[in-house]
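**Q** This is the structure I want to talk about, given as structure tokens.
Rule-based calculations on the coordinates, nothing more; no lab input. Note that the coordinates shown come from a computational prediction; the quantities given were computed from them, not determined experimentally. Note that we place each Cβ from the backbone using ideal geometry, even for glycine, and neighbour counts take in every protein chain shown.
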Amino acid sequence: MRLDFRVLIVDDELDDPDNKRSILEYKRIIEERLKLKGFIPYIETYKSADEVNSLATSKKKRIDLYISDNNLGGNGSGQEIQEGIDLYFHLKKEFQCDFLLYTRSDKESIIQKLIEDLTSKKDPNLFTKFSFVSRANKNEWHAFTYELLNHIVKRREEINNLRGLFAEKISKIHNYLKNKNGYNEDDDIDFVDILSKSFDENIIDQNKWQRLTKLRFIRNALLHNEEIYDESTDKYKIKYYELKFRKDGRQYDKQEQWLDELSANYASFRRELDLIVNEVVV
């Protein structure tokens, strides 16, 4: 599981010796929250949208959560980016990102800009990863941030949960087939070998052998392959192989596939695991 968690905070009050204390406290609390979740936090602070825009696109895409004050005090040279909401619109042109906007002032200007952007661009993903909260009440501001962090972490943990599920279900089938073939659970025989022997001994048929062989490749990828960042899709991915069986039923060709953090394949993998366990372990 990828344990680094990168947060970027933009607030012009970091330039103000009297007011920056609350922003630094906010940063510290986020760091502690992420550590409690088992992550290694990397939190960077910036005083203006210009500083953020000057970052390389590859670095900007690696940020897990952007947090910005809406009132940046005109601390930016561009006409396009005057407020935190403008920074979100600017980043959204390049890639989808989780973005939390906070403000002490009236939310009406934010709402109006969101309406205008939705009306002109008709982007259905406008609100997919965008949230905003009032900073007037510190407890509400912090509590909302905690909820958002929990939501993002839950998405990140999906792939780790899938790893655990594959390890558990495949181990259950492995031990069952060892027992059916006359082995003890402690006997050292690889899953690939017990599948082959179970097929040869007609303990499982060709259909089950093929399905379990496919799941074996996915299990191996989940347990042994690291997540790799793909700049073209702005996602972390794990490489695995999808199998295409030939006419003889035993030989197969491997096709490279990728499993990402938000993959729709999770549900189908879980269903197949449950089905094959119920069919094999009787």
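**Q** Using amide H atoms built in the peptide plane, which far-off residues or other-chain residues are under 5 Å from residue 252 H to H?
**A** Correct list: 246.
**Q** Still on this model: Can you tell me the length gained on complete extension of the stretch residue 32 to residue 15, counting 0.36 nm per residue apart and subtracting the Cα distance?
**A** Stretched out fully, the residue 32 to residue 15 stretch lengthens by 3.8 nm.
**Q** Which residues does the label zone of residue 44 cover in segment 1-21, counting backbone N under 13 Å from a point 7 Å along Cα→Cβ?
**A** 6-10
**Q** Can you give the percent of C-alpha pairs in the chain whose distance is more than 27 Å?
**A** 52 percent
**Q** Per residue of segment 18-32, in order, report the coupling 6.51 cos²θ - 1.76 cosθ + 1.60 (Karplus, θ = phi - 60°) as ³J(HN,Hα) in whole Hz, putting x for Gly and Pro.
**A** My calculation for segment 18-32 gives 7, 9, 5, 4, 5, 6, 5, 5, 4, 4, 5, 5, 5, 4, 5 Hz in order.
**Q** Say a paramagnetic label sat at a point 7 Å from the Cα of residue 257, along Cα to Cβ; which residues of segment 141-185 have their backbone N under 20 Å from it?
**A** Backbone N within reach: 158-171.
**Q** Sequence-distant or interchain residues sharing an amide H contact under 5 Å with residue 229, placed H: which?
**A** Amide H to amide H, under 5 Å and 5 or more residues apart or across chains, residue 229 pairs with 237.
**Q** What is the angle, in °, between the Cα long axis of helix 265-280 and the longest principal axis of the Cα atoms in the chain? Nearest 10 is fine, range 0 to 90.
**A** Helix 265-280 and the main axis of the chain meet at about 20 degrees.
**Q** Rounded to the nearest 20 Debye, what is the dipole magnitude of the chain about its Cα centre when Lys and Arg each give +1 and Asp and Glu each give -1 at the C-beta?
**A** 880 debye
**Q** Evaluate the relative contact order of the chain (contact order divided by residue number), counting alpha-carbon pairs under 8 angstrom at least 6 apart; express in whole percent.
**A** Value for the chain: 13 percent.
**Q** What are the semi-axes of the equivalent ellipsoid of segment 83-226, taken as the square roots of 5 times the eigenvalues of the Cα gyration tensor, listed largest first and rounded to whole Å?
**A** Gyration-tensor ellipsoid for segment 83-226: 53, 18, 10 Å.
**Q** Skipping prolines and chain starts, which residues have an amide H placed within reach, meaning under 5 Å, of the one on residue 240, given they are 5 or more residues away or on another chain?
**A** 257, 258, 259
**Q** Once both axes come from the Cα atoms, what is the angle between helix 206-224 and the longest principal axis of the chain, in degrees from 0 to 90, rounded to 10?
**A** Roughly 40 degrees, rounded to the nearest 10.
**Q** Can you tell me, using C-alpha contacts under 8 Å and at least 6 residues apart, the relative contact order of segment 119-207 as a whole percent?
**A** 13 percent
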